[in-house]
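What follows is one structure encoded as structure tokens, with my remarks underneath.
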Amino acid sequence: MAADLEQLLQDNRVIWRGRGASQAPKRGRATGFAALDELLPEGGWPADAMVELWVPHWGVGELQLLRPAMAAASAAGGWVVWIAPPYVPYASALQGWGLDLRRLLVVQPPQREVAWVMEQALRQTRCAMVLAWPEGLKPVTVRRLQLAAEAGRSLGILLDRQPQVSLPVALRISLAPHEQGVRVTVLKSRAACRRQSIILDVQP
Amino acid sequence: MARRALAGAPLQQTLFEPTPPESRSRARPAYGALWAALHLPRLSLEVLSGEDADAPRLVAQLQGGQPRAWVVSETAHDAGVRTGMTLTEAYALCPELVVIPRNQEHEQAALRQLAEWAGQYTSMVSLEPDGLLLELACSLRLFGGLDRLLAQLRSDAAKLDHVVTLALAPTAQSALLLACCGEPVVVEDSHALRSALGGLPITALPLSAKQAVLARRLGLRTLRDLWRLPSDGLAKRFGTGFTDYLDRLLGHTPEPRLAYQRAPTFSSRWAFPMETDKHSFIFHALEKLTAQLVRFMRRRALSLTRLEVVFYHSQRPASRMELGSRQACHEAAHLLMLLHEKLEREQLVAPVVELELVVTEFHDFVPAAHAMFADGMPQDDAPWEQFLDKLQTRLGRHAVTGLQLLDDHRPERAWDYGAPLSGEADPQRPAWLLPAPQRLANSLQGMQLLSEPERIEGGWWDGFDIRRDYYRAVDGGGRRLWLYRDLNDRQWYLHGLFA
């Protein structure tokens, strides 16, 4: 009986278990940074969910943070989709990161279509990771994206500069530049409510 | 008495007139074929554009490793240039000669047009590299006999833009051979075939160089000399391929030929009871037409990548909507999804009275290949391709791209959107590139250079000449920048961000 209950709690991620984060199943995707994996309650990027990255401005190392996960996804044959990137992705750098360029799709839709494209991409089972640089997403839209991510078993990342409203994402992280790399602060997580920060050494 | 008379009466005579004996002898047997060969000796010249047609011209073709004259225009012929000459010889004879390489694609296109034209005489039209073959025996009754049919064919052929030699024989190869030799003869009877062919030179046959030498050594000049030789000896000396050809030439072995088939096109219309601009009505019509289209494609094992919808309006010219798919597509659901996405974004210029679905180009349907011993889920690319189609239909072709590396060291030229390629990786490059380098107004204020300069220069060969020293830097806000100093104007520029 107790085992059944435990199993049920393990399988159902919707049930919140208070501060017992240590018992939460470690089923996330490895971020590639051991310290960050340790910090994140699911032991990595949450599986099949939406993640929000708060960035003060582009170019503090936000892609470096996602680089190992993208490289792993593309090595496993999944597609990585970038939606509305703010600048031109430099192909030779991405190649140097171990990203398979044949598995990278860059979509530049008008800003009002970003959410639609993202939902379509997340629903694709061939798509492993979706990175989007949206402006002013509504909570209800993000809820829809979360469902799409679960349906397509893919990871959606929203990179945001001026967050206005609290979005219903599985994990919210803020990044700040630091002399030794970048300071990563976990602001919200669906599996635990620890507010912690670490400094990661990410070098371009 | 009456019963016996009735039983004895021959029934056939009361129903059918007996066929007169003379017409029976004229009727040819059902299996006898009659092939008309249309040879176009000057096709390579005729497909060229008509400019300065009087100038001496020559169409060259690679033969035995060097270009030789393939077809020679009349003025060049007058100057002494002959088919088969090398270009040096031809130029020596006629210095103002214009030499044009042979364009076989244009020739084939012209032949296909001619095949369409020839379809009015017979259903069996077969394409040859420089001519057509028409099976006429099946059309004799329709045209009222061979003489009439030939007369019409000759008068129609004279109106064409091509020089045509027409020969008729009971086998395809013999008709072709006669036409190629420029003998406009008509051989109706297969018994007369040997004597009709007998006078032709043996060099007219498709012989290899070795076989031609052998024939000369044996003293064979005309085909008549060949007829006198025993066939087993011929097979020993010339190979069985040659005797096979002779058998087909004389009709001893049958030669099935492929009939020309015109490329299928699809067009279907839908008339609305009254003019409408309601998308739901239009989409309903498109659904019905798409169902027809899919049935059409399924019956012929086709798929498409491009289709067109034409909207007809009452007092205005028709408007069009084009739809493309990345991969050959044959499913109704996918087509309808694309049409729906496109139609949602389409501004109709006016209410629609009638619409038409047109497909002019089809591809062969290639079914998905499944691995025989695959375990687990088959890797099916179809949903992903459909997803890409959907994005491109909604956002436009340019908005959905991959990235590729180009073989160039200059940052602006080292990448491109488009189909992915392999290239050399460069780990010291930033992930973000600015669309165009941005000049730093107040130089390096508040920034800190982090690296030694990296010189990137060159490009005089294509007009995009750069001389730059690249640095990595960090600004006051903690952004890692990729800067360069232009060595030409001594200014600092921001070119990328290490994200």
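Restricting attention to the range B:301-332, and to residues there that are basic (Lys, Arg) and at pLDDT 85 or above, which single residue is surrounded by the fewest Cβ atoms within 10 Å (Cβ to Cβ)? Here the residue is B:Arg320.
Quick check on my filter: what residues within the range A:112-122 are within 8 Å of chain B (Cβ to nearest Cβ) and in contact with a Pro (Cβ under 9 Å, 6 or more places away or on another chain)? The answer is A:Trp116, A:Val117. Given the structure, is B:Tyr121 part of a helix (DSSP H, G or I), modelled with pLDDT of 85 or more and not acidic (Asp, Glu)? For B:Tyr121, the condition - part of a helix (DSSP H, G or I), modelled with pLDDT of 85 or more and not acidic (Asp, Glu) - is not met. Residues of the range B:446-459 that are of a type outside the set (Gly, Ala, Ser), in a loop (DSSP other than H, G, I, E, B), farther than 13 Å from B:Leu494 by Cβ and away from every other protein chain (no Cβ under 11 Å): B:Glu452, B:Pro453. Summed over the range B:360-396, the residues that are at pLDDT 75 or above and within 14 Å of another protein chain (Cβ to nearest Cβ) give a count of 14. Do you know which residues across the range A:95-106 are within 8 Å of another protein chain (Cβ to nearest Cβ) and in contact with a strand residue (DSSP E or B) (Cβ under 7 Å, 6 or more places away or on another chain)? Once the filter is applied, which keeps residues that are within 8 Å of another protein chain (Cβ to nearest Cβ) and in contact with a strand residue (DSSP E or B) (Cβ under 7 Å, 6 or more places away or on another chain), the range A:95-106 yields A:Gln95, A:Leu101, A:Leu104, A:Leu105, A:Val106. Note on the range B:78-118: among residues that are in a loop (DSSP other than H, G, I, E, B) and touching a residue at least 40 places away in the same chain (Cβ under 8 Å), the one that is farthest from B:Ala158 (Cα to Cα) is B:Glu96. The set of residues in the range B:158-183 being out of contact with any Phe, Trp or Tyr (no Cβ under 8 Å at 6 or more places or on another chain), surrounded by fewer than 18 Cβ atoms within 10 Å (Cβ to Cβ) and aliphatic (A, V, I, L, M) consists of B:Ala158, B:Val163. Applying the criterion of being of a type outside the set (A, V, I, L, M, F, W, C), within 12 Å of another protein chain (Cβ to nearest Cβ) and part of a loop (DSSP other than H, G, I, E, B) to the residues of the range A:39-82, the residue that is farthest from A:Leu167 (Cα to Cα) is A:Gly77. Filtered by the rule that a residue be in a helix (DSSP H, G or I), under 24 Å from B:Gly396 (Cβ atoms) and free of Cβ contacts under 8 Å to residues at least 60 places away in the same chain, the range B:288-338 gives B:Ala333, B:His334, B:Leu335, B:Leu336, B:Met337, B:Leu338.
Among the residues that make up the range B:123-135, is at least one of them polar (S, T, N, Q) and either touching a Gly at 6+ places or on another chain (Cβ under 9 Å) or surrounded by fewer than 18 Cβ atoms within 10 Å (Cβ to Cβ) (or both)? Yes, there is a match, as at least one residue in the range B:123-135 is polar (S, T, N, Q) and either touching a Gly at 6+ places or on another chain (Cβ under 9 Å) or surrounded by fewer than 18 Cβ atoms within 10 Å (Cβ to Cβ) (or both). Please tell me if A:Pro109 is within 14 Å of chain B (Cβ to nearest Cβ) and in contact with a helix residue (DSSP H, G or I) (Cβ under 9 Å, 6 or more places away or on another chain). The answer is yes for A:Pro109. Tally up the residues in the range A:72-89 that are in contact with a Phe, Trp or Tyr (Cβ under 6 Å, 6 or more places away or on another chain) and either polar (S, T, N, Q) or buried (at least 20 other Cβ atoms within 10 Å of the Cβ) (or both), please. So the answer is 1. Here B:Arg429 meets the list (1) surrounded by fewer than 17 Cβ atoms within 10 Å (Cβ to Cβ); (2) charged (D, E, K, R); (3) at pLDDT below 80; (4) assigned to a loop (DSSP other than H, G, I, E, B) almost entirely, failing just condition (1).
The values are calculated or read from the model by the stated rules, or taken from the named source; none is laboratory data. Keep in mind the model is a prediction, meaning the values are calculated, not measured. Don't worry about glycine lacking a Cβ; one is built from the backbone with ideal geometry, like all the others, and counts go over all protein chains shown.
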